[in-house]
Amino acid sequence: MKPYREMSREELLAEHAAVETRYQEMKAKDLKLDMSRGKPSKAQLDLSNGMMDVLSSTADLTCESGVDCRNYGVMDGIPEARQLLADMSEVPEKDILIYGNSSLNVMFDTVARAMSMGVCGHTPWGLLEKVKFLCPVPGYDRHFGITEFFGIEMINVPLLPTGPDMDLVESLVANDPLIKGIWCVPKYSNPTGISYSDETVLRFANLKPAAKDFRIFWDNAYSIHHLYDDDQDVILELLTEAAKVGNEDLVFKFISTSKVSFPGSGIAAFAASEANLADARRALFYQTIGHDKLNQLRHVRFFKDIDGIHEHMRKHAAILRPKFEAVENGLSQELDGLEIGTWTKPKGGYFISFDSLEGCAKKIVAKAKEAGVTMTGAGATYPYGKDPKDSNIRIAPSFPEPEELALATEIFVLSVKLVSLEKYLAEQDIKF
């Protein structure tokens, strides 16, 4: 089929009538499908059920250093859990602190700490007249939610196929001491699925910010979440590269097992330089006498080591891969050649990013919702929920069952077609 923009009045009206008929047929099914968040499916959760059996009332509950994991203590995390998360993070064990169940919580806590006590002896951000953060877009809505919660001004930075626009990043941080950080999802980025190039990572490592308390918030949420065994993205390890040029204090690195084991019941870690870890420990000394060591022990006994985690992630990939391919194939079969949308084809992570015609995203999401498919709100991938072009939509294929996913994809495609047709018809002042 030729592009909608090249269609005549009669062709547009005929196509609209055909698509509307199919849309109403789908709407009549009264479906309730959810593609709104990157939640693992039941089949993925079942992969970790054996973790519930590795500890019992008769098990040895001491860690390798001899500490009884049922009791207080070990603020940094038990040694074997630190090693496991260090291997996931590609850093030495000494650079790791184990936290609780979620890296999002650690990121929130890190910003809160900077607001209340400052970063490594610098003025607390909360005492400054203004604090700014760079936000690669489209990006992760919950990152933006944290900075918005604390009243931090967010500045959009375009996310390119190689990572954030580093010309802009370098210029902004070098000239504005009020810019204190940047959010990054460097591998299989949320929502585009792109991974940062070596050049981008090296330019981050060599940043020269005007603010001495500027930090790169490096969220390694999808570092081991590959879809394919033989085609995986590999990125440079930022903390190592920054240390090579004396910039190790620039980096705050976060990781968790939230989409490895049980979301909400995993373990999270903070990786950073010696100075940054010491700063975090100052607050942790008053905040906790140690996080959940039994959960740490449970994870280590279940996965054993990094090889065990990689094998486990291959099982996740076997469930996720056909879902991603089904959505990508559905989009290609129905939208190729129409020139009404573009989408990413990631090699890992949890999302596909779709860009509609300008001014159409909110209407597409609403149209899909009307037919029973809940999607992430249009604009969510931008700070303050404001997509300047109203075009980006995040698709999350992971949660629905395969048969549900086929229906959800069809409804989404029909919604894209209808809203796009109506845009072109309206531009020609044609009533439909």
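The values are calculated or read from the model by the stated rules, or taken from the named source; none is laboratory data. None of these values were measured; they are calculated from a predicted model. All Cβ positions, glycine included, derive from the backbone under ideal geometry; neighbour counts span all protein chains shown. Just so you know, the surface numbers come from the protein's heavy atoms only, side chains and all, with ligands and any DNA or RNA stripped out. Shrake-Rupley method; radii C 1.70, N 1.55, O 1.52, S 1.80 Å.
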Exercise. Put R321, R394 in order of accessible area, largest first, 1.4 Å probe: what do you get?
Worked result: R321, R394
Problem set entry | Simple spin-label estimate for K130 and A210 in nanometres, 7 Å along Cα-Cβ | 1.1
For this session: Quote the charge dipole size of the range 301-432 about the Cα centre in Debye, to the nearest 20; the model charges only the Cβ of Lys and Arg (+1) and of Asp and Glu (-1).
Result: 440
For this session: Could you order Y188, Y286 by accessible surface area, starting with the largest, using a probe radius of 1.4 Å?
Result: Y286, Y188
Exercise. Among F302, F399, F285, which one shows the biggest mean-square fluctuation in a GNM of the chain, springs joining Cα atoms closer than 10 Å?
Worked result: F285
Exercise. Ordered by packing density, taken as the mean number of other Cβ atoms within 10 Å over each peptide's residues, highest first, how do 153-160, 350-357, 235-242 rank?
Worked result: 350-357, 235-242, 153-160
Problem set entry | Rounded to 5, percent antiparallel among DSSP beta bridges of the chain | 50
Exercise. Counting only the heavy atoms of the protein chains, how much of D87 is accessible to a 1.4 Å probe, in Å² to the nearest 10?
Worked result: 60
Exercise. Which of Q44, Q232, Q83 moves most in a GNM of the chain, Cα contacts under 10 Å?
Worked result: Q232
For this session: With only Lys, Arg, Asp and Glu charged, each at its Cβ (+1 for the first two, -1 for the last two), find how big the charge dipole of the chain is about the Cα centre; round to the nearest 20 debye.
Result: 1000
Exercise. When the solvent-accessible surface of protein heavy atoms is calculated with a 1.4 angstrom probe, in what order do H310, H226 fall, highest first?
Worked result: H310, H226
Exercise. Hey, if you put +1 on the Cβ of every Lys and Arg and -1 on every Asp and Glu Cβ in the chain, which of L297, Y228, L405 ends up farthest toward the positive end of that dipole?
Worked result: L297
For this session: Work out the charge dipole of the range 1-123 with +1 on the Cβ of Lys and Arg and -1 on the Cβ of Asp and Glu about the Cα centre, then indicate which of S56, L84, I98 is farthest towards its positive end.
Result: I98
Seminar exercise, completed: In degrees, nearest 10, the alpha-carbon axis of helix 402-427 is tilted away from the dominant principal axis of the alpha carbons of the chain by 60
Exercise. How far is helix 103-117 tilted, in degrees, relative to the longest principal axis of the Cα atoms in the chain, given as a value from 0 to 90 rounded to the nearest 10?
Worked result: 60
Exercise. For the chain, what does -39500 (n - 2.57) per DSSP helix run (n ≥ 4), summed and divided by total residues, give at 222 nm, in deg cm²/dmol to the nearest 500?
Worked result: -13000 deg cm²/dmol
For this session: Work out, step by step, the length gained on full extension between E427 and Q287: first 0.36 nm times the residue separation, then minus their alpha carbon distance; give nm to one decimal.
Result: 44.5 nm
Problem set entry | Too-long pairs where the Cα-Cα distance tops 20 Å, listed order kept, from K187/K304; K32/K323; K42/K253 | K187/K304; K42/K253
Seminar exercise, completed: In degrees rounded to 10, the 0-90 angle between helix 79-89 Cα long axis and the longest Cα principal axis of the chain is 40
Problem set entry | With DNA, RNA and ligands ignored, accessible area of H225 (1.4 Å probe; Å², nearest 10) | 10
For this session: Compute the relative contact order of the chain as a whole-number percentage, counting only Cα pairs closer than 8 Å that sit 6 or more residues apart in sequence.
Result: 26
For this session: Select from the range 345-411 those GluC sites (Glu not before Pro) which occupy a DSSP coil region and have at most 12 other Cβ atoms within 10 Å, ordered by residue number.
Result: E358
Exercise. Packing-wise, with mean Cβ within 10 Å as the measure, how do 22-31, 210-219, 189-198 rank, highest first?
Worked result: 189-198, 210-219, 22-31
